[in-house]
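The values are calculated or read from the model by the stated rules, or taken from the named source; none is laboratory data. Being a predicted model, the structure only gives us computed values, none of them experimental. Glycine gets a Cβ as well: all are built from the backbone with ideal geometry, and neighbour counts include every protein chain shown. All accessible areas refer to the heavy atoms of the entire protein, side chains included, with ligands and DNA or RNA removed. Shrake-Rupley method; radii C 1.70, N 1.55, O 1.52, S 1.80 Å.
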Amino acid sequence: MKNSGEIRKAFLDYFENKGHAVISSSSLVPVNDPTLLFTNAGMNQFKDVFLGIDKRTYQRATTAQKCVRAGGKHNDLDTVGRTARHHTFFEMLGNFSFGDYFKREAIHYAWEFLTELAGLPKEKLWITIFEDDDEAEILWQEVAGVAPERIIRMGEKDNFWAMGDTGPCGPCSEIHYDRGADYACKQPECALGVCDCDRWLEVWNLVFMQYNRDEEGNLNPLPRPSIDTGMGLERLTSLLQGVDSNFDTDLFTPIIASIESMTGLKYDRGEKGFPFRVIADHSRACTFLISDGVLPSNDGRGYVLRRILRRAVRFGRSLGIEQAFLYKNVDVVADIMKDAYPEIVDRKEFVKEVIKMEEDRFLVTLNEGLKKVEEIIEGVKARGNEIIPGAEAFMLYDTYGFPLDLTEDVAEENRLLVDTDGFNQMMEEQRERARQANKSTGAFAQEVIISELMQGVTSGPTIFTGYENTNDESTIIAIIKGDQLVDEAVDEQVLLVTANTPFYAESGGQVADTGVIMGDQGELAVEDVQKVGNCVVHGGKVQGRLRSGETVRLLVSEAQRLDTARNHTATHLLHKALRQVLGEHAQQKGSLVDPSRLRFDFSHLASLSEDELLKIEDMVNEFILGVHEVRTQVTGLEDAREFGAIALFGEKYDEQVRVVEVEGVSMELCGGTHVRNTGQIGSFKILSEGSVGSGLRRIEALTGRGAREYFSGMERTLKAAASALRVAPAEIGHKIDTVQHTLKEHEKEIENLKGRLSRASNEDLISKAYELSGSKVLIEKVEAQDASTLRENAEMLKDKLGSGIVLLASVSQNKVSLVSFVSKDLIDKGLHAGNIVGTAAKIAGGGGGGRPDMAQAGARDKSKLDEALAAARDMVEKILA
């Protein structure tokens with residue numbers, strides 16, 4: 001068991017043999033959890049289970065979970081490459097118990113796997129426990145036979161885990177591997193719990209979730225304690241492969257070899273190898289993040305990805321790589337990970353395209369950043385200072401992606417220092433803003449309240465009957481007002497839960513059904529429907545009186561349901577058409593399906609051409625005209641994938657999934673409502689296509705009645721245009737061509753007439769020129785459409801006059817324009833067009849100037865124009881006299 005793939009498989013197989021369900025890794029983008037930037041632990045996908053909101057068919061589970069720690073509370077970005085064990089992307093192996101087994105079994109499983117299957121020496125393993133967890137200490141000795149001196153008690157900071165300020169929590173035990181005195185630090189007392197040196201390698205963390213912390217901070221025992229464990233695959237692999245660093249395992253060595261090949265440099269395991277380690281780590285993070293749908297941007301997850309990617313590019317530059325290179329490592333990462341994560345192979349071409357595009361952009365930005373550094377250094381030196389201010393260093397970091405160490409290197413080359421304290425202060429202020437932004441918004445609070453209330457009412461889930469019916473009869477099992485259960489509701493806003501319901505709860509991008517729930521003495525106008533745990537909750541206002549326990553009739557708006565179903569099935573057809581026309585990388589990244597329209601977001605790097613949009617629209621309409629049957633079936637998740645059903649990344653699926661198949665066209669995992677056959681959609685019309693982010697496009701479209709209304713509106717507009725043009729609708733195009741041709745001919749005639757008028761006007765003006773000292777002087781107010789026309793006329797007059805000076809002025813839209821030309825011989829006598837124009841413009845409330853031979857200016861006060869021209873005339877005559 002030395003190969004990393006074998007180690008991962010051995011872990012999952014071990015726990016499967018112990019009755020655990022093997023669950024696939026969830027996406028790196030957390031589903032329905034605003035408190036997390038990225039999936040950073042194996043338990044993230046089971047959060048609702050631990051909270052009691054979600055129920056699963058299994059009580060034991062095991063996973064190999066993709067994780068990223070590069071933002072928010074858990075951020076290892078700046079540590080990567082400096083230590084042997086920190087990463088942005090890593091895999092967490094874990095086993096979980098949801099109220100099934102507890103400490104004894106968790107300790108037994110961990111010890112048995114590490115010592116018997118993995119073969120780690122027992123005497124090398126040390127244990128840390130929470131300082132008050134006497135039970136854990138006894139069990140480690142009793143179950144695993146660990147000597148008391150190798151069990152270390154630690155405080156709450158290190159060995160007590162909590163999901164948040166309130167909620168499930170408990171002590172934890174960590175298993176550490178003693179790498180020996182050769183790896184010890186130089187502290188007098190190098191011991192576990194005292195220092196954090198390379199001697200003590202944390203291998204596995206076992207969390208004993210046994211308490212619920214209330215708002216007063218009290219720890220109340222949970223009725224069904226649970227287990228959550230996590231072990232880094234990279235660290236375990238380094239131990240089993242007998243290497244000192246995670247970067248020396250087979251998870252990284254092929255990537256480092258690729259970097260060696262690109263640079264012609266040999267990897268050094270010491271400080272000189274730091275850039276290699278950073279690039280290798282970041283190659284994995286970028287590949288997996290983009291594959292899971294994260295794209296570079298200026299905020300949120302996209303910003304973190306951009307920082308990781310650009311950091312790798314900068315370190316590539318330090319190795320002498322001047323062009324895009326990181327994208328080439330995607331093939332290497334995919335080859336290493338293909339067995340565990342085959343989707344990486346499927347998406348690698350798109351991932352490479354995204355990375356290369358971002359690299360090319362950043363290389364330009366990096367060059368601009370270097371220019372900015374040079375400007376800052378020049379400014380510092382000009383002020384006689386020797387320190388680059390922290391604010392300017394932070395601006396380089398935040399705006400240009402320049403790390404502090406790069407700024408310090410450039411500063412050192414110029415014998416300057418950097419105000420690192422000021423930089424760190426601004427960095428901490430930014431982190432605090434990020435912490436505030438990422439604080440829980442209480443998104444789970446209402447769900448938890450409802451879930452807790454419903455536990456006292458019923459243990460069964462709400463049965464959804466809406467796939468077969470749009471009306472049903474049921475019993476009210478709960479009425480919720482605020483945070484309390486009530487027996488009845490009278491003319492007020494409430495939440496209502498029934499034993500079964502035909503109302504579709506909002507999910508998967510499809511809006512909730514609307515309709516009415518009718519009782520004997522009142523009714524609820526259903527405005528919203530949401531699923532909370534296993535209950536479907538109807539929200540709305542009661543008119544009259546409804547009582548808990550009474551029998552009611554639930555009526556879904558059938559017209560709205562059918563319109564929504566048309567749009568939903570159309571998104572499946574659109575998804576298929578996009579992949580066929582653009583390529584398999586055009587994966588769904590989000591959607592909105594309501595009765596009036598559909599919106600579909602997908603991954604693609606360029607805007608779609610008119611030809612591509614037409615092909616896509618035509619293909620969807622062909623699917624509709626084909627009247628393909630739409631079938632559904634419920635099956636196991638793994639079976640559905642084997643059938644070829646598309647599972648959308650970022651979506652959360654149960655073990656049993658619903659497959660929607662459009663016969664001969666597509667097969668997707670989907671819980672939404674659909675038409676019986678594609679012919680019911682009627683027609684499909686794309687309204688718009690555009691960008692909603694880097695590498696993310698959006699199509700908005702209409703179907704059914706919405707499309708019909710759109711076409712009717714267009715027809716009315718077409719007929720109105722035909723009537724205005726006095727032709728049949730089919731002849732509008734020809735008529736417009738004729739009108740445009742006629743307009744162009746008329747425009748030519750107008751220009752010719754303008755020229756003739758201008759020449760005639762110029763002839764009149766020439767007659768107004770007078771001679772002074774053998775040169776012509778023409779200073780006049782004229783009419784001109786704009787400053788450009790005024791200049792053309794003045795230049796034409798200058799050519800006709802020969803030796804002379806021309807100054808023309810005009811007023812257009814209450815603005816004064818002035819232009820002057822002076823012949824070369826008069827320039828030699830001291831005349832300057834800029835001075836002439838400037839003199840006149842100043843009097844008329846403006847300013848300006850220009851070359852000696854030509855100048856233009858503008859002014860505001862047209863009432864002073866005559867005075868301005870007179871002043872200019874006086875100046876010219878004095879010089880020529």
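Quick notes on this one:
- Search result, residues across region 212-229 that are in a strand (DSSP E or B) and modelled with pLDDT under 90: Asn212, Arg213, Leu219, Asn220, Pro221, Leu222, Pro223, Arg224
- Answer from Cys169, Cys190 - the residue that is out of contact with any Leu (no Cβ under 8 Å at 6 or more places or on another chain) and modelled with pLDDT under 95: Cys190
- When residues of region 770-794 are limited to those that are open to solvent by 40 Å² or more (accessible area, probe 1.4 Å) and assigned to a loop (DSSP other than H, G, I, E, B), the one modelled with the lowest pLDDT: Gln785
- Residue in region 16-25 that is in contact (Cβ under 8 Å) with a residue 24 or more places away in the chain and under 23 Å from the mean Cα position of the chain (by Cα) present: yes
- When Val593 is tested against (1) open to solvent by 30 Å² or more (accessible area, probe 1.4 Å); (2) touching a His at 6+ places or on another chain (Cβ under 9 Å), exactly one condition is not met: (1).
- Of all residues in region 58-81 being in a loop (DSSP other than H, G, I, E, B) and at pLDDT below 85, the one that is most open to solvent (accessible area, probe 1.4 Å): Lys73
- Restricted to region 172-187, and to residues there that are more than 25 Å from Leu114 (Cα to Cα) and either touching a strand residue (DSSP E or B) at 6+ places or on another chain (Cβ under 6 Å) or assigned to a strand (DSSP E or B) (or both), the residue that is modelled with the highest pLDDT is Cys185.
- Whether a residue is of a type in the set (A, V, I, L, M), part of a strand (DSSP E or B) and farther than 25 Å from Gln59 by Cα was assessed, and Met667 passes this test.
- When Arg224 is tested against (1) open to solvent by 40 Å² or more (accessible area, probe 1.4 Å); (2) within 28 Å of Gly316 (Cα to Cα); (3) among the charged types (D, E, K, R), only condition (2) is not met.
Quick grid of which residues meet (1) in a loop (DSSP other than H, G, I, E, B); (2) open to solvent by less than 30 Å² (accessible area, probe 1.4 Å); (3) under 15 Å from Asn205 (Cα atoms):
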| position | (1), (2), (3) |
| --- | --- |
| Gln45 | no, no, no |
| Ile53 | yes, yes, no |
| Arg56 | yes, no, no |
| Thr83 | yes, no, no |
| Glu91 | no, yes, yes |
| Ala106 | no, yes, yes |
| Tyr109 | no, yes, yes |
| Ile127 | no, yes, yes |
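- The set of residues from region 797-835 being of a type in the set (A, V, I, L, M, F, W, C) and within 59 Å of the chain's Cα centre (by Cα) comprises Leu808, Ala809, Val811, Val816, Leu818, Val819, Phe821, Ala833.
- Looking only at residues of region 585-626 that are in a helix (DSSP H, G or I) and touching a residue at least 60 places away in the same chain (Cβ under 8 Å), we find that the one that is nearest to Ile344 (Cα to Cα) is Ile616.
- Test: residue in region 560-581 that is in a helix (DSSP H, G or I), among the small types (Gly, Ala, Ser), open to solvent by less than 40 Å² (accessible area, probe 1.4 Å) and in contact with a Ser or Thr (Cβ under 8 Å, 6 or more places away or on another chain): yes
- Any hit, region 686-697, residues being hydroxyl-bearing (Ser, Thr, Tyr), open to solvent by less than 50 Å² (accessible area, probe 1.4 Å) and under 30 Å from Arg306 (Cα atoms): yes
- Number of the condition not met by Ile732 [criteria: (1) surrounded by 11 or more Cβ atoms within 10 Å (Cβ to Cβ); (2) out of contact with any helix residue (DSSP H, G or I) (no Cβ under 9 Å at 6 or more places or on another chain); (3) of a type outside the set (D, E, K, R)]: (2)
- In region 232-267, of all residues being closer than 25 Å to Glu202 by Cα and acidic (Asp, Glu), the one that is most open to solvent (accessible area, probe 1.4 Å) corresponds to Asp244.
- So Glu135, is it under 22 Å from Ala162 (Cβ atoms), in a helix (DSSP H, G or I), open to solvent by 70 Å² or more (accessible area, probe 1.4 Å) and not basic (Lys, Arg): yes
- Pairs linking a residue in region 416-434 that is open to solvent by 50 Å² or more (accessible area, probe 1.4 Å) to a residue that is among the β-branched types (Val, Ile, Thr) and modelled with pLDDT of 90 or more, with Cβ atoms under 7 Å and 6 or more positions apart or on different chains, are Leu417/Ile387; Asp419/Ile387; Asp419/Ile388.
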